[in-house]
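Asker: Questions regarding the structure given below will be posed in turn.
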Amino acid sequence: MNRINIRELVLNFIFMMLLQLPLIYRVTLFNKAFGFFYVGFILLLPTKLSRSYLMFIGFCSGLFVDVFTNTPGIHASACVFVMFIRNFWLMVINDEWQGFTNLNVATLRRTGFFGYLFPLIFVHHFILFTVENGGLHLFGSLFARILYSAIFSFIIIFAINLLVKLNSKRI
């Protein structure tokens with residue numbers, strides 16, 4: 001049975017936040033798509049963690065981003081909700097998810113990786129931008145911002161995951 005390496009998780013969290021926070025509003029496409037790739041860290045946490053730990057980690061990472069971006073609880077609430085539904089979504093898309101220790105491109109394959117990550121990223125961004133917008137008014141503009149940001153975030157997370165996978169093969 002594989003154990004969860006807490007030290008490695010903490011180092012990954014610190015690295016992801018140090019990379020995300022200075023770039024959070026600088027990595028945009030046409031002022032419509034924002035790259036929130038810190039969501040990839042929480043969505044790819046090991047499956048052996050309980051739901052309460054997942055929600056706590058999601059809350060802490062969202063709160064950390066909230067503190068540095070002056071958004072009072074928006075990221076934290078979106079992360080907690082996504083972590084609440086994560087295991088249910090894994091069960092819906094893949095019956096064998098409990099056999100996985102780590103979630104990545106190799107374990108989920110590319111189509112499963114997309115089917116797992118993109119809907120959860122979309123839900124995260126939907127909550128984030130809807131609360132930031134103050135509701136569903138100007139729905140067309142809001143939906144475009146959500147969709148473009150979800151696509152952009154997924155591409156960044158996928159690229160980071162592929163780079164990590166390639167580097168781990170070389171070592």
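Asker: For region 130-146, take each phi angle, set θ = phi - 60°, evaluate the Karplus expression 6.51 cos²θ - 1.76 cosθ + 1.60, and give the result in whole Hz per residue in order, putting x for glycine and proline.
Answerer: Karplus values, whole Hz, x for Gly and Pro: 5, 5, 4, 6, x, x, 9, 5, 6, 4, x, 5, 5, 5, 4, 5, 5.
Asker: Taking every Cα atom in region 20-83, find the radius of gyration and the maximum pairwise distance Dmax, and write them in Å.
Answerer: Taking only Cα atoms of region 20-83, I get Rg and Dmax of 12.3, 39 Å.
Any read-out appearing in this document is the output of simple, stated calculations on the displayed coordinates, not a laboratory observation. What you see is a predicted model; the values in this text were computed from it and never measured.
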